[in-house]
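Note sheet for the following structure.
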Amino acid sequence: MSQHAQLPPILTAHLFPKIEEMLVALLRSLAADDWERQTIAPKWKVKDVAAHLLDTQLRKLSIARDGYLPPAPPITDLVAFIDRLNQEGVMLYRRLSPAVLVSLMELASRQSAQYYSSLDPFSPAPFSVSWAGEAISLNWFDTAREFTERWHHQQQIRLAVGRPGIEARELYHPVLDCFLRALPYTYRDAPAETGTVLQFEISGDCGGTWWLYRDGDSWRLVEHASGEVTSKVMIPQEIAWRVFTKGIDRASALAQTRAEGDVPLGLRILTMKAIVG
């Protein structure tokens, strides 16, 4: 293993059929009152999250697969634009009955999985991963980003209705690995001397260790870094996904996070967002 080699790509296209099958089965099992339970997303109940998952899936197929670009005003604020599209989609699809919504989800999920499997992972993607600071992304990263969306929103539903979370390493570790790719962008304004090493551990069977290395005037994620570690942070896997998707308050996250060395520098990770909005 090279000490300062960049991390390998995250290949997730083959996982979509499994995560989508789990989602459809979950939604089909919900009782009538489950659909109106509050999730950790303050503005969304379970049905809103399901509506969002259907809306984003149909929009992605329309734009990325079919090349259909509906008229839209110039985008001056990407976050505000995405938030507006998301809210419009939720308002539209939450009007559907649960049975109709799930049937449409099943169809869209099948087509979506086929679409991701058809892509060359190393060709430019139609959308960049903005929360990682990229202007152009490759398909593997955009696809992994989409996988995190399908995983974490399903996790929100499971948490709201008291169902077991998705904690198989095969499905959760790629989500964490994708989220942690936002570290260099999160730390872009944090000054440090060349050679500074920061270590981040997500504890648990699905987690791992990531190293951030100061190389000249920028930070890089590397496979491994030797030498003295300036800061070491450990976050339990149970809350890691919530930290990076605005699903937990800072005080609660701090209470469950351990940090050593340069604590303020290490804890900058708690400000990291791996979602748009």
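The values are calculated or read from the model by the stated rules, or taken from the named source; none is laboratory data. Computed from a prediction, not measured in an experiment: that's the story for all the values here. Cβ atoms come from the backbone with ideal geometry, glycine included; neighbour counts cover every protein chain shown. For accessibility, only protein heavy atoms count, side chains too; no ligands or nucleic acids. Shrake-Rupley method; radii C 1.70, N 1.55, O 1.52, S 1.80 Å.
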For region 30-44, give me each residue that is touching a residue at least 40 places away in the same chain (Cβ under 8 Å) and either acidic (D, E) or open to solvent by less than 70 Å² (accessible area, probe 1.4 Å) (or both).
L30, D34, W35, T39, I40, A41, W44
Just to be sure I understand, how many residues within region 38-83 are part of a helix (DSSP H, G or I), of a type in the set (S, T, Y) and under 18 Å from the mean Cα position of the chain (by Cα)?
1
Please determine whether any residue of region 21-36 is within 23 Å of the chain's Cα centre (by Cα) and either over 25 Å from I166 (Cα atoms) or of a type in the set (K, R) (or both).
no
For Q154, state whether it is closer than 19 Å to E20 by Cβ, surrounded by fewer than 15 Cβ atoms within 10 Å (Cβ to Cβ) and touching a residue at least 24 places away in the same chain (Cβ under 8 Å).
no
One residue from L54, L85, L92 being within 19 Å of L30 (Cβ to Cβ) and out of contact with any Ser or Thr (no Cβ under 7 Å at 6 or more places or on another chain):
L54
Looking at (1) open to solvent by 60 Å² or more (accessible area, probe 1.4 Å); (2) touching a His at 6+ places or on another chain (Cβ under 9 Å), find the lone condition where R84 falls short.
(2)
Candidates L171, L212, L159 - the one that is out of contact with any His (no Cβ under 7 Å at 6 or more places or on another chain), closer than 30 Å to R28 by Cβ and surrounded by 19 or more Cβ atoms within 10 Å (Cβ to Cβ)
L171
How do the strands (runs of 3 or more DSSP E) wholly within region 174-226 filter down when requiring 1 or more residues that are basic (K, R): which remain?
208-215, 218-222
Enumerate the pairs (first residue in region 45-67 and closer than 12 Å to L92 by Cα and modelled with pLDDT of 95 or more; second residue anywhere and charged (D, E, K, R) and surrounded by 16 or more Cβ atoms within 10 Å (Cβ to Cβ)) with beta-carbon separation below 6 Å, excluding pairs fewer than 6 apart on the same chain, so at least 6 apart or on different chains.
K47/R94; D48/R94; A51/R94
What do you reckon, is E146 acidic (D, E), closer than 26 Å to P126 by Cβ and either surrounded by fewer than 19 Cβ atoms within 10 Å (Cβ to Cβ) or in contact with a Lys or Arg (Cβ under 8 Å, 6 or more places away or on another chain) (or both)?
yes
Would you check if S109 is in contact (Cβ under 8 Å) with a residue 24 or more places away in the chain, within 20 Å of the chain's Cα centre (by Cα) and surrounded by 12 or more Cβ atoms within 10 Å (Cβ to Cβ)?
yes
Collect the residues in region 58-68 that are touching a helix residue (DSSP H, G or I) at 6+ places or on another chain (Cβ under 6 Å) and either exposed (fewer than 10 other Cβ atoms within 10 Å of the Cβ) or of a type outside the set (A, V, I, L, M) (or both), keeping them in residue-number order.
R65, Y68
Which residue out of A182, A192 is open to solvent by 10 Å² or more (accessible area, probe 1.4 Å), among the small types (G, A, S) and touching a residue at least 60 places away in the same chain (Cβ under 8 Å)?
A192
Being assigned to a strand (DSSP E or B) and open to solvent by 20 Å² or more (accessible area, probe 1.4 Å), is that true of even one residue in region 237-257?
no
Filtering region 84-132 down to residues that are of a type in the set (V, I, T) and in a helix (DSSP H, G or I), which residue is farthest from T12 (Cα to Cα)?
V100
Tally the residues that are open to solvent by less than 80 Å² (accessible area, probe 1.4 Å) and either under 14 Å from K60 (Cβ atoms) or at pLDDT below 95 (or both), restricting the search to region 118-127.
4
